[in-house]
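Here is the structure we will look at.
The values are calculated or read from the model by the stated rules, or taken from the named source; none is laboratory data. It should be emphasised that the depicted structure is a prediction, and the values quoted were computed from it without experimental measurement. Note that each Cβ is placed from the backbone with ideal geometry, even for glycine, and that neighbours are counted across all protein chains shown. These accessible areas exclude ligands, DNA and RNA; they are computed on the full protein's heavy atoms, side chains included. Shrake-Rupley method; radii C 1.70, N 1.55, O 1.52, S 1.80 Å.
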Amino acid sequence: MQKLKVSRCVCIGGILTALAVLFQSAPALLPGVGLALSPLSTLPIAMAAAINIALGLTVFFSSALILTFVSMQESIILLFTTGLLGIMIGILTKRKGNLISILLSGVALSLGMLCLTYIVGVPAFAELTETISPPFILLTFILFSLAYSSIWNICIRKFMNRMLKIIWNG
């Protein structure tokens, strides 16, 4: 792959950061409808990480920083779930096989969800865990994460093939 010019990298990073922030802040700004848009914040972060790992990390952390001014809870959710998944998929999807990408991104998402549930104590997960046994929660998180990661890996791989042609050929 050819190297991106610095100005093009900054422009792409800014656009992808803005998209990630818009998608992730949607539940705070548009209750109800925003919950359907929030998972899409994985896409811009994964795109950035697939283009360049440093760009992906920059988009990830700058999105989280901007989100702290909009909604602290959405910023934490980005750091531990959607953003983490995007970073993992973006880094692994073009550099490793599809199976490795699915497994490692699924494990990262599971760990992020467990951290949100037991360390941070996000209300949605905390209420769920009060009535269900911990081993069942762990199994549910792992199975959900692997399925969700599989869907995102397939979608991002198809989407990235088209978008990278546009970005590289400018």
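Rounded to the nearest 0.05, what FRET efficiency is calculated for residue 119 and residue 61 with R0 set to 22 Å and r the Cβ-Cβ distance? According to the calculation, E is roughly 0.70. Using a Cα-Cα cut-off of under 22 Å, which lysines could be cross-linked to residue 5, ignoring same-chain neighbours fewer than 8 residues away? Reachable lysines: 94, 165. For the range 29-136, the set of GluC sites (Glu not before Pro) satisfying both a DSSP loop assignment and a count of at most 12 other C-beta atoms within 10 Å is given as 130. Across the range 44-53, computed HN-Hα scalar couplings (Karplus, 6.51 cos²θ - 1.76 cosθ + 1.60, θ = phi - 60°) run x, 5, 5, 4, 4, 5, 6, 5, 7, 4 Hz from first to last residue, x flagging Gly and Pro. Calculated on C-alpha atoms, the gyration radius of the range 1-44 divided by its Kirkwood radius gives an Rg/Rh of 1.18. Going by accessible surface with a 1.4 Å probe and the largest first, 151, 87, 119 read 119, 151, 87. Spin-label model, residue 68/residue 28: points 7 Å from Cα along the beta carbon direction are separated by 1.2 nm. Taking the Cα atoms of the chain, the ratio Rg/Rh between the radius of gyration and the Kirkwood radius comes to 0.99. Computed from the C-beta positions of residue 155 and residue 111 and an R0 of 35 Å, the FRET efficiency is 0.95 to the nearest 0.05.
The distance between label points at residue 143 and residue 53 comes to 3.4 nm (points 7 Å beyond Cα on the Cα→Cβ vector).
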